[in-house]
Amino acid sequence: MTKARHYLSIVLLHLRKELHLEWRSRDAITGMLFFTLLIAVVFSLAFDPTSNPTLARQISGGIAWIGLLFAATTSLNGSWAREQRNQVLDAHRLSPAPPSALFVGKALANFLFVTLVEVVLVPVFVLFYNIRPLGQASLLWLILPLGTWALVLNGTFFSALSLRSRNRDLLLPLILFPISIPALLAVVNGTTSVITGEFDPNLWIRLLAGFDIIFTVVALLLFGTVLHAE
Amino acid sequence: MKTLFTILAAVAVVLLGFGLYQAFLVAPTEATMGPVQRIFYWHVPLNIIGEITPYVNMLASIAYIFLRGRNQLAARRADALAVASAEVTVLFVGLGLIGGILWGRPAWGIWWAWDARTTSTLLLLLLYVSYLLLRRFSDGPGSRTIAAVLSIFAGVDVPIVFMSIRWWRTQHPAPVLTGDGEIDPVMKSAFAWNLLAFFIWGIVLIWARYATLRREQALAEREALQLIGVA
């Protein structure tokens with residue numbers, strides 16, 4: 001019990017540090033927010049949401065999530081890059097604290113950042129794409145966090161993986177996208193089903209939950225190996 | 001070992017030739033699809049083996065992570081096996097996809113359909129291309145461990161991909177070999193010969209790449225030792 005509390009306190013410490021650092025610069029949130037907004041605008045130029053309401057309903061969920069995925073990949077690299085300055089990462093390696101606590105703290109912080117972006121983004125999409133959800137809108141309270149966690153979990157883990165590589169910024173999407181495709185498929189289909197009301201999202205929510213559980217476990221088990229890779 | 005490799009390679013070549021003969025001259029022409037169905041004799045074995053090799057890659061990677069602090073030599077071997085099997089995965093799945101595309105045009109009327117199996121096979125290919133890219137982009141200490149971690153993620157992902165895509169859409173013909181469909185026994189034996197031929201060919205390719213990678217590792221080791229003046 002004390003062990004669990006100790007672990008939790010370290011996670012919270014890392015989380016607080018991440019939030020503090022982000023609060024000072026607000027780079028990640030501003031960048032992600034503007035990036036996703038731009039994607040929404042650029043896609044609305046590619047087709048006209050006002051004159052094609054059915055089409056807008058069918059694809060806006062996909063556009064929103066792809067925008068978020070792209071935005072997250074641009075900012076996730078930064079969250080590990082700042083650990084490299086002043087050899088902070090080496091200090092983490094020497095520290096007796098459990099390595100996975102560092103990972104969980106960082107992933108939770110990124111989760112909060114992306115969630116914040118979503119909170120701003122959902123009204124924007126509703127406004128720009130004239131969306132009125134025809135399905136069960138309350139399910140979004142389940143789909144959004146599950147999808148965000150899937151995205152952020154793998155993103156945080158793989159940006160730690162690509163820390164030691166050349167072309168770090170290029171490598172992250174190359175390894176993150178193929179692995180995340182089942183989660184992306186599930187979250188896009190779940191969101192689309194809520195917006196169009198055409199099919200049942202239950203299967204997709206279950207897939208997302210399964211994906212989240214499996215990959216959280218794998219990431220927790222393997223993060224220590226990644227941190228001590230040398 | 002070298003003699004065994006030569007024998008195995010020769011057996012693979014002979015079997016591939018025999019499989020070709022079986023598929024073209026012995027097996028009867030399929031009733032509805034016509035001669036284009038004969039592409040199955042390569043397409044299916046390539047994909048079956050391409051779905052096994054990812055697990056060789058994953059097991060070798062787990063072995064690498066487990067062994068790296070204990071037994072350097074065994075760990076290097078596991079790492080070489082992981083790379084070799086990932087390369088064969090990409091090769092076989094890629095060739096299988098090309099076979100499927102060539103078959104799709106006359107049979108479906110389109111080159112590519114985003115149905116369950118084509119999509120999940122394409123994703124399988126992408127996963128292992130990304131593994132090989134990670135190996136290419138990262139070098140220096142730790143790159144092997146990192147690649148092994150990605151390989152475990154990919155191995156866990158493969159069944160999830162297949163399940164999720166199956167729920168998503170289905171257009172690919174249902175499995176004929178295990179399903180209810182009736183197949184001419186001659187076709188079955190021609191298929192079995194080809195499956196065996198490609199299986200042995202896959203082993204030969206993995207073995208050959210493994211041997212090359214081991215030599216590259218030894219070379220790098222010797223260079224490193226020379227640099228510090230030990231050897």
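The values are calculated or read from the model by the stated rules, or taken from the named source; none is laboratory data. As the structure is a prediction and not an experimental result, all values here were calculated from the model. Every residue, glycine as well, gets a Cβ built from its backbone with ideal geometry; the counts of neighbours run over all protein chains shown.
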What tally of residues in the stretch B:20-36 results from selecting those that are part of a helix (DSSP H, G or I) and touching a residue at least 12 places away in the same chain (Cβ under 8 Å)? 5
Restricting attention to the stretch B:188-208, the residues that are farther than 14 Å from B:THR6 by Cα, touching a helix residue (DSSP H, G or I) at 6+ places or on another chain (Cβ under 9 Å) and not small (Gly, Ala, Ser) number exactly 7
Which residues, taken from the stretch A:220-230, are facing another protein chain (nearest Cβ under 10 Å) and of a type in the set (Gly, Ala, Ser)? A:ALA229
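Residue-wise test of (1) among the polar types (S, T, N, Q); (2) closer than 19 Å to B:VAL88 by Cα; (3) under 22 Å from the mean Cα position of the chain (by Cα).
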residue: B:ALA9; (1), (2), (3): no, yes, yes
residue: B:GLY17; (1), (2), (3): no, no, yes
residue: B:THR32; (1), (2), (3): yes, no, no
residue: B:VAL56; (1), (2), (3): no, yes, yes
residue: B:PHE66; (1), (2), (3): no, no, no
residue: B:ALA74; (1), (2), (3): no, no, no
Any idea which of B:ILE101, B:ILE110, B:ILE146 is outside any helix (DSSP H, G or I) and either free of Cβ contacts under 8 Å to residues at least 40 places away in the same chain or among the aromatic types (Phe, Trp, Tyr) (or both)? B:ILE110
Going by the conditions given, is B:ARG136 basic (Lys, Arg), free of Cβ contacts under 8 Å to residues at least 40 places away in the same chain and within 25 Å of A:ALA219 (Cβ to Cβ)? yes
What do you reckon, is A:GLN87 on the phi > 0 side of the Ramachandran plot and out of contact with any helix residue (DSSP H, G or I) (no Cβ under 6 Å at 6 or more places or on another chain)? yes
Flagged pairs (Cβ under 6 angstrom, 6 or more apart or on separate chains; first in the stretch B:214-231, farther than 16 Å from B:ARG144 by Cα; second part of a helix (DSSP H, G or I) and not aromatic (Phe, Trp, Tyr)) are B:ALA231/B:LEU225
Quick test for you: out of B:ALA107, B:ALA60, B:ALA86, pick the one residue that is more than 14 Å from the chain's Cα centre (by Cα) and closer than 18 Å to B:ILE206 by Cα. B:ALA60
When the residues of the stretch A:189-219 are narrowed to those that are under 30 Å from A:ALA101 (Cα atoms), more than 9 Å from chain B (Cβ to nearest Cβ) and not basic (Lys, Arg), which ends up surrounded by the most Cβ atoms within 10 Å (Cβ to Cβ)? A:LEU208
Helices (runs of 4 or more DSSP H) lying entirely in the stretch A:1-112 (those with 2 or more residues that are within 30 Å of A:PHE199 (Cα to Cα) and at pLDDT 85 or above): A:27-46, A:53-84
Flag for B:PHE162 being under 26 Å from B:GLY109 (Cα atoms), within 14 Å of chain A (Cβ to nearest Cβ) and at pLDDT 80 or above: yes
Apart from one, (1) surrounded by 14 or more Cβ atoms within 10 Å (Cβ to Cβ); (2) within 14 Å of another protein chain (Cβ to nearest Cβ) all hold for A:ASN167; the odd one out is (1)
Residue set A:PRO145, A:PRO173; condition surrounded by fewer than 17 Cβ atoms within 10 Å (Cβ to Cβ), within 16 Å of the chain's Cα centre (by Cα) and under 28 Å from B:SER130 (Cα atoms); output residue A:PRO145
What is the number of the single condition among (1) out of contact with any Ser or Thr (no Cβ under 7 Å at 6 or more places or on another chain); (2) without any contact (Cβ under 8 Å) to a residue 60 or more places away in the chain that A:GLY67 does not meet? (1)
Scanning for something among the aliphatic types (A, V, I, L, M), surrounded by fewer than 14 Cβ atoms within 10 Å (Cβ to Cβ) and out of contact with any strand residue (DSSP E or B) (no Cβ under 7 Å at 6 or more places or on another chain), does the stretch A:46-61 turn up at least one residue? yes
